[in-house]
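Quick notes on the structure that follows.
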Amino acid sequence: MEDDGGDPMKEAGILSTEEVKKVTPPIDRAEKGPVAVIECLEEIPCDACGWACPSGAIIKQGITIPPKIDYEKCTGCGQCVLICPGLAIFLIELVGEKARVTIPYELLPEPQVGQEVTALDRKGSPVAKAKVLKVLKSKDKTMAVTIEIPRKLFMEVRGMRL
Amino acid sequence: MTLNRRIEKHPILEFPRRKPVVFTFEGKKIRAYEGESIAAALYASGLKIFTWSYKRNRPRGWFCGVGKCSSCLMTVNGIPNVRTCIVPVRDGLNVQRQKQGLGTLPSSFNENLEVEKLDVELAVIGGGPAGLSAAITAKRLGCSTVVIDENFKAGGQLIKQTHKFFGSRENYAGVRGIEIANMLLKDLKELGGSWLLSSTVVADYIEGEKHVLLVPSVVEPKVRVIRAEKIIVSTGARENMLIFPNNDLPGVYGAGGVQTLMNVFGIKPGERALVVGAGNVGLIVAYQLIQAGTSVEAIVEAMPRIGGYFVHAAKVRRLGVPIYLRHSIKRAIGKEFVEAAEIVQLDENWNPIQGTERKIEVDMIVLAVGLTPASEIPAQAGCKLAYIPELGGQVAIHDQDLRTTISGMYVAGDSSGIEEATTAMLEGKIAGADAALSLGYKPDEAKRIKDKAKRNISEFRRSPFGEKPRKGKERIWRMMEAIQ
């Protein structure tokens with residue numbers, strides 16, 4: 001009932017199919033290694049990701065112009081995941097039948113490497129069991145948690161529950 | 001009251017509780033910690049009813065947490081109508097609630113009221129993002145300043161913002177609000193800026209070219225009379241109330257009040273929440289509630305769309321929080337405090353659609369339905385005000401330098417029109433630089449700071465989210481031009 005009518009992005013806090021397509025990186029790039037997926041499409045006055053990127057892959061043409069990414073320059077380091085104030089940047093990597101998604105996480109308890117968690121989609125619905133592969137923690141306490149999920153869910157899983 | 005609502009572990013914040021304090025509440029000993037307010041300590045111990053309404057004797061509880069409503073007035077050490085949310089606990093305090101909300105004046109009182117006179121070039125009223133930036137800017141240019149705030153912790157609403165700010169690098173993008181507050185406070189301290197906490201400005205009188213502020217202390221029998229060449233009013237805003245049955249029940253809280261409880265004092269406000277309003281404040285407070293360990297059952301929003309940033313909405317959605325658009329709260333349910341909320345769908349004319357009512361079991365209802373600028377001081381001093389809906393209500397008419405119609409009085413931040421913290425800091429810079437400039441301090445540098453802040457602020461307002469305040473500001477500037 002919350003999704004009725006109008007601009008689906010603004011209405012539900014969930015990207016539309018069209019928008020998901022827009023932010024999906026090239027498959028061959030994601031197969032080479034982790035790459036950033038920027039789910040920030042509004043004209044928010046912010047340029048944190050632009051200057052946090054050490055490889056110049058994130059381009060901000062103006063403070064209120066949404067970021068653009070050069071997938072070839074992106075090294076998948078995850079600095080943007082840790083800094084984005086909107087927690088709107090993720091990393092994805094495709095490895096065979098699996099996908100690895102890195103999610104910004106700011107809740108307790110802290111996920112542990114090897115732990116089994118429930119992968120959630122953009123609505124918070126459970127869609128798969130997942131394994132924690134890596135936990136990166138910034139000094140301001142935001143974590144970037146990499147979980148392994150079935151490959152086909154790489155553009156669906158955006159959250160997790162412990 | 002053996003309950004302890006204190007949060008022990010938080011994903012972002014730490015709550016060092018060093019020195020225990022014991023005070024008496026209606027004959028019972030209450031254990032608290034130094035640095036807590038009386039109201040917060042009572043809430044932590046499980047107290048929900050703080051007072052009763054005068055006419056109908058209805059229970060009232062925590063609401064704003066920053067001294068701007070009257071829901072927590074109690075008698076402290078014999079003094080009635082003390083705003084317990086802004087008075088710190090200390091050993092031996094004797095606190096009592098007031099029957100039908102009314103206190104009784106003590107038969108005798110301390111006649112030795114201490115009066116202290118102070119002279120300063122710039123007095124900044126309100127030590128939030130706008131006020132701190134104003135004081136830092138003016139002090140750096142050489143102006144003597146004092147920041148006056150009625151809270152006992154400085155930093156305004158910044159100290160409860162656990163989320164990272166948007167913005168540009170030089171305006172703290174990617175830094176949490178609490179960290180920005182620490183940085184600003186450190187800057188001001190290093191510059192030797194002075195402070196008056198726990199002090200309420202109750203009046204501003206004009207004497208010749210000077211402003212004379214009457215400033216009683218919140219915690220001791222003392223009044224300061226501050227003569228200032230310039231004053232900057234950066235008093236922030238008050239939370240808006242929404243009209244629905246039982247909206248006065250304890251458990252119906254302002255979003256900022258909830259943030260104060262959980263993010264300043266580390267006290268869990270409740271177990272299950274309904275958030276009303278999907279603007280940035282509602283979305284952020286929902287996320288922060290989850291971080292504090294509260295379950296957010298739903299967010300309702302009367303508009304057909306989310307008012308805040310998509311990314312803030314996405315953050316709570318992927319944690320499973322539903323956002324019901326075109327929905328509102330119909331009533332709060334409960335006898336002495338909130339036990340449930342009834343929500344209802346609205347039609348295109350904002351009327352409730354019969355049969356769509358739904359009951360949600362919650363113990364708190366968080367109102368995030370906008371803010372109203374705190375314009376009391378400009379109004380009392382005789383400043384010309386205007387009602388500007390885009391700015392949230394009555395504001396002092398001002399120009400682009402934030403000068404009002406009263407010579408030497410500036411406004412900045414939310415009290416000059418509801419916007420957000422980054423633009424508040426920029427407005428503070430403009431007002432602080434202009435005040436220093438008009439006192440003759442470092443004119444070239446002051447002008448440079450002012451022009452840069454103006455450029456930054458107009459960039460910010462170019463965003464679609466800045467359109468409303470931009471229109472409001474343009475209206476108020478035109479009014480100022482017409483007066484001049």
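The values are calculated or read from the model by the stated rules, or taken from the named source; none is laboratory data. Source: prediction; values computed, not measured. Cβ atoms come from the backbone with ideal geometry, glycine included; neighbour counts cover every protein chain shown.
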Checklist line | Qualifying positions in the range B:84-115 - acidic (Asp, Glu) and over 27 Å from B:LEU47 (Cβ atoms) | finding: B:GLU111, B:GLU114
Check: Assuming A:GLY33 fulfils every condition listed in (1) surrounded by 15 or more Cβ atoms within 10 Å (Cβ to Cβ); (2) among the small types (Gly, Ala, Ser); (3) within 16 Å of the chain's Cα centre (by Cα) apart from one, which condition is it?
Finding: (1)
Checklist line | Sole exception among (1) in contact (Cβ under 8 Å) with a residue 60 or more places away in the chain; (2) under 21 Å from B:GLN157 (Cα atoms); (3) not aliphatic (A, V, I, L, M) for B:GLY308, by number | finding: (1)
Check: How many of the residues in the range B:410-446 are under 27 Å from B:GLY370 (Cβ atoms) and either touching a His at 6+ places or on another chain (Cβ under 7 Å) or not in a helix (DSSP H, G or I) (or both)?
Finding: 8
Checklist line | Residues of the range B:73-121 that turn out to be modelled with pLDDT of 95 or more and not in a strand (DSSP E or B), as a count | finding: 11
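Conditions tested, residue by residue: (1) of a type in the set (Ser, Thr, Tyr); (2) within 24 Å of B:GLY282 (Cβ to Cβ); (3) crowded, with 23+ Cβ neighbours inside 10 Å.
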| site | (1), (2), (3) |
| --- | --- |
| B:PHE152 | no, no, no |
| B:SER168 | yes, no, no |
| B:ASN171 | no, yes, yes |
| B:ALA181 | no, yes, yes |
Next item on the list: Starting from residues that are outside any loop (DSSP other than H, G, I, E, B), out of contact with any Leu (no Cβ under 6 Å at 6 or more places or on another chain) and in contact (Cβ under 8 Å) with a residue 40 or more places away in the chain, keep the ones in the range A:106-119 and report whichever is surrounded by the fewest Cβ atoms within 10 Å (Cβ to Cβ).
Entry: A:THR118
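Okay, residues lined up against (1) in a strand (DSSP E or B); (2) under 28 Å from B:THR84 (Cβ atoms); (3) modelled with pLDDT under 95:
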| site | (1), (2), (3) |
| --- | --- |
| B:LEU184 | no, yes, no |
| B:ASP187 | no, no, no |
| B:VAL223 | yes, yes, no |
| B:GLU229 | yes, no, no |
| B:PRO245 | no, yes, no |
Notebook entry, point to check: Which residue, of B:VAL219, B:VAL212, is under 21 Å from the mean Cα position of the chain (by Cα) and either at pLDDT 95 or above or on the phi < 0 side of the Ramachandran plot (or both)?
Noted result: B:VAL219
Notebook entry, point to check: Do the conditions hold for B:GLY131, that is, is it part of a helix (DSSP H, G or I), touching a residue at least 60 places away in the same chain (Cβ under 8 Å), within 30 Å of B:ARG17 (Cβ to Cβ) and not aliphatic (A, V, I, L, M)?
Noted result: yes
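Matching residues to (1) in a helix (DSSP H, G or I); (2) more than 13 Å from chain B (Cβ to nearest Cβ); (3) of a type in the set (Val, Ile, Thr); (4) out of contact with any Pro (no Cβ under 8 Å at 6 or more places or on another chain):
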{"residue": "A:GLU31", "(1), (2), (3), (4)": "yes, yes, no, yes"}
{"residue": "A:PRO54", "(1), (2), (3), (4)": "no, yes, no, yes"}
{"residue": "A:TYR71", "(1), (2), (3), (4)": "no, yes, no, no"}
{"residue": "A:GLY76", "(1), (2), (3), (4)": "no, yes, no, no"}
{"residue": "A:LEU82", "(1), (2), (3), (4)": "yes, no, no, no"}
{"residue": "A:LEU87", "(1), (2), (3), (4)": "no, no, no, no"}
{"residue": "A:ARG100", "(1), (2), (3), (4)": "no, yes, no, no"}
{"residue": "A:PRO104", "(1), (2), (3), (4)": "no, no, no, yes"}
Checklist line | Residue list for the range B:189-207, restricted to those being farther than 17 Å from B:ASP149 by Cβ and either in contact with a Phe, Trp or Tyr (Cβ under 8 Å, 6 or more places away or on another chain) or among the charged types (D, E, K, R) (or both) | finding: B:GLU190, B:GLU207
Next item on the list: Scan the range B:159-176 for residues that are within 8 Å of chain A (Cβ to nearest Cβ) and of a type outside the set (D, E, K, R) and jot them down.
Entry: B:HIS163, B:PHE165, B:PHE166, B:GLY167, B:SER168, B:ALA173, B:GLY174, B:VAL175
